[in-house]
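Below is one structure; the comments refer to it alone.
All of the numbers you see were taken from the coordinates with simple rules; none came from a lab. In this text the structure is predicted, and so the values were computed from the model without any measurement. So basically every Cβ, Gly included, is an ideal-geometry build from the backbone, and we count neighbours across all protein chains shown.
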Amino acid sequence: MSTFSRSLIATAAGLALFGLAACSGGGKNTGGSEETTSSAPTSAASGSGLAGFDPCTFFKPDELTSFGVSTKSEEFTQVSFQPGCAWNGEKLDIALQKNADETVESLGKGAFDSYTPTTVAGREAAEVLVIGATGQGACNYAVSAGGGIVLYQITAAMRDTLPDPCGDLKKIVDQTASRLPK
């Protein structure tokens, strides 16, 4: 496993642990390709609009290529209630996970290097840097979707590979969030 992959896992693990600490007690598949294989569990709450949403097939192949990552996804689930997939590239990795139990607001009750509420595609969202992520070439966005959240993540191959990881991730989020389940 590369240092790059370990960094993405560490960032995601931080979000997963945060999700556990902040826990507050089916969308239409619109993307994907034959090259992308889904292996993420669909264990979201049965009443959630995220139940039928598959993070592994959300991005379109041309989007993935434009982001600088492979069109082939890899399973990326650190905790069972937050399934997702990751796509690897030479300079960066991206990941997408769903969590039917959290909201952007409940997520904000955790401890972070930074948590900045915002709006994306008319939805409640937040730019999130987990503890220790500042200056490490990583960023996360939580976006309200289907009664829960979808977590976008970006991690640079090296911490200085992406001078503005949150700005780069924001472009991806802005380009795709309108297709998330309502």
task: Which order do the peptides 84-91, 146-153 take when ranked by the mean count of other beta-carbon atoms within 10 Å per residue, highest first?
output: 146-153, 84-91
Cα-based equivalent ellipsoid of region 89-179: semi-axis lengths in Å, sorted from largest, via gyration tensor: 21, 15, 11
query: Taking the Cα centre of region 137-182 as origin and charging only Cβ (+1 Lys, Arg; -1 Asp, Glu), how large is the dipole, in debye to the nearest 20?
result: 220
message: Beyond a 19 Å Cα-Cα separation, which of these cross-linked pairs lie in this structure: LYS109/LYS182; LYS72/LYS171; LYS72/LYS182; LYS109/LYS171; LYS98/LYS170; LYS72/LYS170?
response: LYS109/LYS182; LYS72/LYS171; LYS72/LYS182; LYS109/LYS171; LYS72/LYS170
task: For region 69-87 and region 135-151, write down the distance between their C-alpha centroids in whole Å.
output: 14
query: Contour minus end-to-end for GLN175 and GLU90, with contour as 0.36 nm per residue of separation and end-to-end as the Cα-Cα distance?
result: 28.5 nm
- prompt: Can you give the Rg to Rh ratio of region 126-176, both from alpha-carbon atoms, with Rh computed by the Kirkwood formula?
  reply: 0.99
task: Would you mind computing, in nm to one decimal, how far apart the modelled labels at GLU124 and SER66 are, each placed 7 Å from Cα along Cα→Cβ?
output: 2.9
